[in-house]
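Student: There's a structure below that I have some questions on.
The values are calculated or read from the model by the stated rules, or taken from the named source; none is laboratory data. Keep in mind that what you see is a predicted model, and the values were worked out from it rather than measured. Neighbour counts are summed over all protein chains in view; Cβ atoms, including those assigned to glycine, are modelled from backbone coordinates with ideal geometry.
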Amino acid sequence: MQHAVELEELGMQITEASRFIEKAEEQLSRRVIGQHDVIRRIFIAMLVNGHILLEGVPGLAKTLIIRTFAAAMNLKFQRIQFTPDMLPADLIGTMIYNPKDMEFYPRKGPVFANVILADEINRSPAKVQSALLEAMQERQVTIGTQTFPLQEPFMVLATQNPIEHEGTYILPEAQIDRFMMKVIVDYPSYDEELEIMLKSATNASAAPVQPVVQPVDIAKARALIDLIYVDPRVQRYIVDLVVASRKPAQYGIASLETMIEFGASPRASIFLLLASKAHAFLQHRAYITPEDVKAIAYDTLRHRIRPGYEAEADNIRSDDIIRQILQHVQVP
Amino acid sequence: MNRRSEGYASGSLKWLVIVLFAALPMLTVCALPVAAWGAVSGVTVTLAPDSVFVGDRIHCIIGVRHPANELVALEGIDSLSVQPFELISRKQSSSIVSLGTAKESFEFELAVFGSGRLLIPPFSVVLRDSEGKVIKRDSYRSSTLVLVKALTDSTMREIRPIKPPIKPLLPFLLFLPVILGVFAIAGLVLLLLFFLKRSVRTSAEKVDPGQVAQRKLRKLRSRLSAGMPPPECYEELSNIMRSFLETHYRIRALEAVTQEIERDLKKLGVAGFESIMNLLAQADLVKFADSRPDAEESRQSLRKAEEVIRSARPSLPPEE
């Protein structure tokens, strides 16, 4: 009973602490029309120190969302356009020789920011991708002999174009796994499209975005997220979902056995739990329900489950596999 | 002179007996070749085989003993090329038999036509001296017969025995009824399964999910009274409600979260769905938010659940 009271108090604190999200969302809605799910996923990733891989055709306001998000969250934003001729030094920085004092000085690259938009990450060679993904993992960068920690919060939002694969360097599975979520940016609805058209087809400058969040708000939110209660049933449910992607027959989905080349890694369980907590936080709850898990399951698992040859032949995507898993694994 | 000739005769007889004894085992071993003496001694005609089919070949060996200083030739042998014989090839060889005596062997390969018992045609043996003058010309008519069998269906088979076609171990026609039978049995089984499934479904439909849920709730209440911990009671209550919703409204409830059930029930326009959602939300709090209701709260929830189920079942008679 005492624990329940604690959770109730925590719930109230969460409601209070999550107000900045609403403020930021309000600022975002000035510039961005629709794409609520994408924005929510960005908030979730930011709250649990995750990175996002955004996939969508050009012109869906991916850059605008991230830029506006950074502005509203009062975070330093850097956009890096990945190109085939890019070098790791273009990203992390390099040592510059100063002829006055005849010494080398480190010159920090664009990765030293809070929110990094790695535009078309698959256009750059593997060594540049590795440099960024290493920075994402280690949260520090070494230039010459000096190691520099990256600013907190540090968040990478990488974009990929799903329709152009000519001359691209596809991210290896091990590196894709480092992204907490892979979010599919879809087309806006009819009404949203209409609103976008009317709002954008003007010579007037776009509505200004006010920074409404302080770094301390994010730190506080992160601390509260760590306190969110996760019942053992939900813990097991998360593990069940991940294991079902590896051994579907155990969960009564034997038809998926040949459809999956490899299932989700243990990182999937970790990120599912973290993202569920952040989702519960956004719902002003001090505990996770299976609803939170289901809500972010697609985004957290889709890049971690690789459909096999048979699935590709039948045009079955990882989202279809996840749907089947969610439909067959019993909710606690 | 007579004695002398008698002596010669008895000597030749002796030789003949010796030759016959010597030839007997050969004739016994090689039964087929037939040896026949011509009308004049010193000329032998041998045929092998003595029985052939029309068109087959025979070997005819004509041996002529003669003084070593004379030359031997056969004449009229070309006439062998007249029907029913056709000369295929010929060979000639000579050997010294004894001092002053030589033997000339003429070997003919002949193709035989016609039918029945045929005699080798007559031929002449010509002896010439060393200068080529004809010394002697003797005509011979061999009594050696060759049996030529005509080709009939049966003989054709004897010549080239044609293997009968290999019959399959189980001919298709034998299989066909078996296959048809298997299909018929499979069809019958499928039909039976179909009817069985339908009857099971019908009987399951006859069992009212509300009745099942009510029975489970009554059991749960008695277990709660017997000291069941309230959190467990709520977990059980949530399962009963989900099973009921799944079977009654035909929605996926056991694998769905509360919010999904809410969406489905809203879509269906279920009356009193707020009460259902309250119950599920309360159960969720117990399950996921570590909420600890007391026994009285649990009893109230059970009563609410029974009401919800009863209201969803208009045909259910009131509980006693």
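Student: Looking at (1) touching a residue at least 12 places away in the same chain (Cβ under 8 Å); (2) among the hydroxyl-bearing types (Ser, Thr, Tyr); (3) assigned to a helix (DSSP H, G or I), which is the one condition that is false for A:Thr83?
Tutor: Looking at each condition in turn, A:Thr83 falls short on (3).
Student: Still on this structure, please answer the following. I'd like the residue in segment A:313-332 that is farther than 16 Å from A:Gln235 by Cα and among the β-branched types (Val, Ile, Thr) and, out of all such residues, is farthest from the other protein chains (Cβ to nearest Cβ).
Tutor: Looking at the filtered set, the residue picked out is A:Ile316.
Student: Kindly state which strands (runs of 3 or more DSSP E) lie completely within segment B:18-77 and contain at least 1 residues that are assigned by TED's automatic domain parsing to the domain that holds B:Leu110, at pLDDT 85 or above and out of contact with any helix residue (DSSP H, G or I) (no Cβ under 7 Å at 6 or more places or on another chain).
Tutor: Hits in segment B:18-77: B:43-48, B:51-53, B:57-67, B:71-75.
Student: Now for a different question. Determine whether B:Ser243 is within 13 Å of chain A (Cβ to nearest Cβ), surrounded by fewer than 20 Cβ atoms within 10 Å (Cβ to Cβ) and in contact (Cβ under 8 Å) with a residue 24 or more places away in the chain.
Tutor: For B:Ser243, the condition - within 13 Å of chain A (Cβ to nearest Cβ), surrounded by fewer than 20 Cβ atoms within 10 Å (Cβ to Cβ) and in contact (Cβ under 8 Å) with a residue 24 or more places away in the chain - is met.
Student: With the requirement that a residue be at pLDDT below 85 and either in a loop (DSSP other than H, G, I, E, B) or more than 15 Å from the chain's Cα centre (by Cα) (or both), what does segment A:133-142 give you?
Tutor: A:Glu134
Student: Is it the case that some residue within segment A:295-312 is outside any loop (DSSP other than H, G, I, E, B), of a type in the set (Val, Ile, Thr) and within 14 Å of chain B (Cβ to nearest Cβ)?
Tutor: Yes; the residues of segment A:295-312 include at least one that is outside any loop (DSSP other than H, G, I, E, B), of a type in the set (Val, Ile, Thr) and within 14 Å of chain B (Cβ to nearest Cβ).
Student: I'm trying to understand the selection: among the residues of segment B:267-293, which are more than 14 Å from chain A (Cβ to nearest Cβ), of a type in the set (Val, Ile, Thr) and assigned to a helix (DSSP H, G or I)?
Tutor: B:Ile276
Student: Assess whether A:Ile176 counts as being closer than 28 Å to A:Ala45 by Cα, among the aliphatic types (A, V, I, L, M), assigned by TED's automatic domain parsing to the domain that holds A:Gly11 and under 22 Å from the mean Cα position of the chain (by Cα).
Tutor: yes
Student: Please count how many residues of segment B:246-260 are under 17 Å from B:Gly272 (Cβ atoms), assigned to a helix (DSSP H, G or I) and more than 8 Å from chain A (Cβ to nearest Cβ).
Tutor: 1
Student: Moving to a separate point now. I'd like the residue in segment A:280-332 that is over 25 Å from A:Leu171 (Cα atoms) and small (Gly, Ala, Ser) and, out of all such residues, is surrounded by the most Cβ atoms within 10 Å (Cβ to Cβ).
Tutor: Going through the qualifying residues, I end up with A:Ala280.
Student: Here is a further query. Those residues that are under 20 Å from the mean Cα position of the chain (by Cα) and either within 14 Å of chain B (Cβ to nearest Cβ) or surrounded by 14 or more Cβ atoms within 10 Å (Cβ to Cβ) (or both), I need them from segment A:207-219; list them, please.
Tutor: A:Val213, A:Pro215, A:Asp217, A:Ile218
Matching residues to (1) charged (D, E, K, R); (2) touching a residue at least 60 places away in the same chain (Cβ under 8 Å); (3) more than 19 Å from B:Glu232 (Cα to Cα); (4) not assigned by TED's automatic domain parsing to the domain that holds B:Asn239:
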{"residue": "B:Leu265", "(1), (2), (3), (4)": "no, no, yes, no"}
{"residue": "B:Asn278", "(1), (2), (3), (4)": "no, no, no, no"}
{"residue": "B:Asp284", "(1), (2), (3), (4)": "yes, no, no, no"}
{"residue": "B:Gln300", "(1), (2), (3), (4)": "no, no, no, no"}
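Student: Taking A:Gln210, is it polar (S, T, N, Q) and not assigned by TED's automatic domain parsing to the domain that holds A:Ile65?
Tutor: yes
Student: Can you find a residue that is without any contact (Cβ under 8 Å) to a residue 40 or more places away in the chain, within 14 Å of chain B (Cβ to nearest Cβ) and not in a helix (DSSP H, G or I) anywhere in segment A:242-259?
Tutor: No, segment A:242-259 contains no residue that is without any contact (Cβ under 8 Å) to a residue 40 or more places away in the chain, within 14 Å of chain B (Cβ to nearest Cβ) and not in a helix (DSSP H, G or I).
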